[in-house]
Amino acid sequence: MLIVDHLSKHYATPRGPLAILDDVSFTLEPGQSLAVMGPSGSGKSTLLYTLGVLEPPTSGTVTINAQNPFDLGEREQAAFRGRTIGFVFQDHLLLPQLSALDNVLVPTLATRPASPAELVARARQLLGDVGLGARLDHRPGELSGGERQRVAIARALVHRPALVLCDEPTGNLDRTAAEAVADLLVALHTEQQTMLVAVTHSPTFAARFGRRTEIADRRLHDIP
Ligand code: ADP
Ligand code: MG
């Protein structure tokens, strides 16, 4: 479960603190999904980075599966992030010299798994799930934008994360590819009962989430 409690976030700037989020609270349970909308610069990525333990809150707490990751030391925090959270960004951020399969396995390198064979099987399975079972050996340059983003989804799920965070995952895709990626994200989220938080500008994508919220004036406003 994800518990966001009285979260505020300011950035320090040369002109003083820049307030982005002010007293934000919400919870999300396994199998639940939240779409985050709002204009450019409203703080959507900031919220996602804070949930993803990439940016510390200025005040308030984020609790993920009973752990406040900001209480952990740097190494434990990185390990927690790797184990618990999967990220999908607007740009796929795949490594160009690696195959699709190796890209999906990248997050597992840091954790030195006891059973790599099991992880390779999981990565193959996930690439099959996203429709790329025949493209395991292809490098990102040999894949379309939508296919690359599907590899990025498989990579985000390889560790069976409790929480999946997506920052405009369909933002760079044409409509058909965007719909395919949206379908996959929702299907895999439902199947694996992850918690899913995705930033999107697309009302049709947002409509497929259990809850929708808009950031305005540093607060979250539920969209019915
Ligand atoms: P969104 O994703 O909704 O477009 P962001 O969360 O990226 O918005 O940014 C919200 C605001 O915070 C913007 O005005 C942005 O310029 C500012 N901002 C983002 N990151 C930093 C940072 N590291 N330092 C200072 N200001 C930042
Ligand atoms: Mg953003």
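The values are calculated or read from the model by the stated rules, or taken from the named source; none is laboratory data. Fair warning: this is a prediction, and the values are worked out from it, not measured in the lab. Quick reminder, even Gly has a Cβ in these numbers, built from the backbone with ideal geometry, and neighbours come from all protein chains shown. Side chains are part of the model used for accessible areas, which takes the heavy atoms of the whole protein and leaves out ligands, DNA and RNA. Shrake-Rupley method; radii C 1.70, N 1.55, O 1.52, S 1.80 Å.
Using 1/(1 + (r/R0)^6) with R0 = 22 angstrom and r between the beta carbons of Gln97 and Leu136, what's the FRET efficiency to the nearest 0.05?
0.90
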For the chain, state what percent of all Cα-Cα pairs lands in each successive 10 Å bin, counting from 0 Å until the bin that includes the largest distance. 8, 33, 36, 19, 4, 0
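Share of the chain's accessible area from carbon and sulfur, percent, 1.4 Å?
Values: 5610 of 11010 Å².
Reported share for carbon and sulfur atoms: 51 percent.
Extension gain Ala187-Arg211, at 0.36 nm per residue separation less the Cα-Cα distance, in nm?
Working: separation 24, 0.36 × 24 = 8.64 nm, distance 1.60 nm.
Length gained between Ala187 and Arg211: 7.0 nm.
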By how many degrees, 0 to 90 and rounded to 10, does the Cα axis of helix 74-84 deviate from the longest principal axis of the chain? 60 degrees
Förster radius 30 Å - calculated FRET efficiency between Asp23 and Glu76, Cβ distance, rounded to 0.05: 0.60
Residue-normalised 222 nm signal for the chain, counting each DSSP H run of n ≥ 4 as -39,500 (n - 2.57), nearest 500 deg cm²/dmol, is -10500 deg cm²/dmol
Placed amide H near Ile20: partners under 5 Å, 5+ positions off or other chain: Lys9, His10, Tyr11
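Heavy-atom accessible area per residue, segment 121-162, 1.4 Å probe: how many Å²?
On the way: 1760 Å² over 42 residues.
Heavy-atom accessible area per residue stands at 42 Å².
List the relative contact order of the chain as a percent without decimals, with contacts defined as Cα pairs under 8 Å and 6+ residues apart.
Numbers: 414 pairs, mean separation 64.7, N = 224.
Relative contact order, the chain: 29 percent.
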By how many nm would the segment from Ser40 to Thr111 grow when fully extended, if each residue of separation counts as 0.36 nm and the alpha-carbon distance is taken off? 22.0 nm
List the residues, sorted by chain then number, that are 5 or more residues from Val164 or on another chain and whose placed amide H is less than 5 Å from its amide H. Gly86, Met195, Leu196, Val197
Which of Thr213, Thr61, Thr204 fluctuates most in a GNM of the chain (C-alpha springs under 10 Å)? That residue is Thr204
Kirkwood radius from Cα pairs of segment 138-224 plugged into Stokes-Einstein at 4 °C, 1.567 mPa s, gives D in µm²/s equal to 94 µm²/s
Nearest-ten-degree value, helix 175-192 long axis tilted from longest Cα axis of the chain: 80 degrees
